[in-house]
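**Student:** Have a look at this one before I ask anything.
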């Protein structure tokens, strides 16, 4: 039986329990952790970038990240590789200014313009799919776990790489509002994951004084990096998302479980 780390102690999986002593707040990632959206976010962002001749090679690389930052990164990365294809979309608008402004400034304006348009398209398409198609649900055990934590006076918060508008749509659609104490989206802070700012803001909002009283739960390596950067008490990885157990262990998980419902089994 494989072992893993829980804080500084090495424990066998069958021996693991999770004490809530001194734990004041759980921060749960949304999509892939407690929300099952069938990978819609990945197919949608791939399509929206593909419309501008930009391809994402490895979807695992964007798991948990701010989708705005993902789009900006890939536009910047692919811009000079596919300059003509990208320029073609904006050629008429920028051609007249090319003699008056440096190419570097024009390039940056084009990249910013493309990034904004792709991000707008991404939000619009994903929001429409969530609202109209309704093909999202919670993973088994999510509501039970939230109720269980609330009964123990532990705050339940959500964070996400989605923009605020989509996060609110999901929260309302799945009936999370009365079950959570707070939420935050990546576009509500200076920088999304793996930076710790979303967790830091939730702590401030909930009057949590130290990150050692916080447990982070997520399905991606980026979630684990966020938890480490915030110096949370424990990082819990779940296998309902894009990363496998080895990737989550290497990414900084203190505990890896099949799904969110398994947390309930461990609570003391």
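The values are calculated or read from the model by the stated rules, or taken from the named source; none is laboratory data. Predicted model, so just to flag it, every value in this text is computed and none were measured. Here the Cβ is made from the backbone with ideal geometry for all residues, glycine too, and neighbour counts use every protein chain on show.
**Student:** Can you report the number of residues in region 37-83 which are closer than 15 Å to residue 222 by Cβ, more than 13 Å from the chain's Cα centre (by Cα), without any contact (Cβ under 8 Å) to a residue 40 or more places away in the chain and not in a loop (DSSP other than H, G, I, E, B)?
**Tutor:** Going through region 37-83 one residue at a time, the tally reaches 1.
**Student:** Then there is this: Which number in (1) assigned by TED's automatic domain parsing to the domain that holds residue 51; (2) modelled with pLDDT of 90 or more marks the one condition that residue 128 misses?
**Tutor:** For residue 128, the failing item is (2).
**Student:** Evaluate region 160-177: report whether one residue or more is in a strand (DSSP E or B) and either in contact with a helix residue (DSSP H, G or I) (Cβ under 9 Å, 6 or more places away or on another chain) or buried (at least 22 other Cβ atoms within 10 Å of the Cβ) (or both).
**Tutor:** Yes - at least one qualifying residue is present in region 160-177.
**Student:** On to the next question. Would you check if there is a residue in region 210-228 being assigned by TED's automatic domain parsing to the domain that holds residue 181, closer than 24 Å to residue 41 by Cβ and surrounded by fewer than 18 Cβ atoms within 10 Å (Cβ to Cβ)?
**Tutor:** yes
**Student:** Hey, residue 212 hits all of (1) closer than 25 Å to residue 123 by Cα; (2) part of a helix (DSSP H, G or I); (3) out of contact with any strand residue (DSSP E or B) (no Cβ under 8 Å at 6 or more places or on another chain) but one; which does it fall short on?
**Tutor:** Only one criterion in (1) closer than 25 Å to residue 123 by Cα; (2) part of a helix (DSSP H, G or I); (3) out of contact with any strand residue (DSSP E or B) (no Cβ under 8 Å at 6 or more places or on another chain) is unmet by residue 212, namely (1).
**Student:** Give the residue that is surrounded by the most Cβ atoms within 10 Å (Cβ to Cβ), with candidates limited to residues of region 33-70 that are in contact with a strand residue (DSSP E or B) (Cβ under 7 Å, 6 or more places away or on another chain) and closer than 16 Å to residue 225 by Cα.
**Tutor:** Checking each candidate, the answer is 64.
**Student:** Still on this structure, please answer the following. Among 239, 255, 267, 202, which is the only one that is surrounded by fewer than 19 Cβ atoms within 10 Å (Cβ to Cβ), touching a residue at least 40 places away in the same chain (Cβ under 8 Å) and either touching a strand residue (DSSP E or B) at 6+ places or on another chain (Cβ under 6 Å) or under 18 Å from residue 31 (Cα atoms) (or both)?
**Tutor:** Answer to the selection: 267.
**Student:** Let me ask something else. Could you grab me the full set of residues in region 135-159 that are part of a loop (DSSP other than H, G, I, E, B) and either modelled with pLDDT under 95 or over 16 Å from residue 31 (Cα atoms) (or both)?
**Tutor:** Within region 135-159, 135, 136, 152, 153, 154 qualify.
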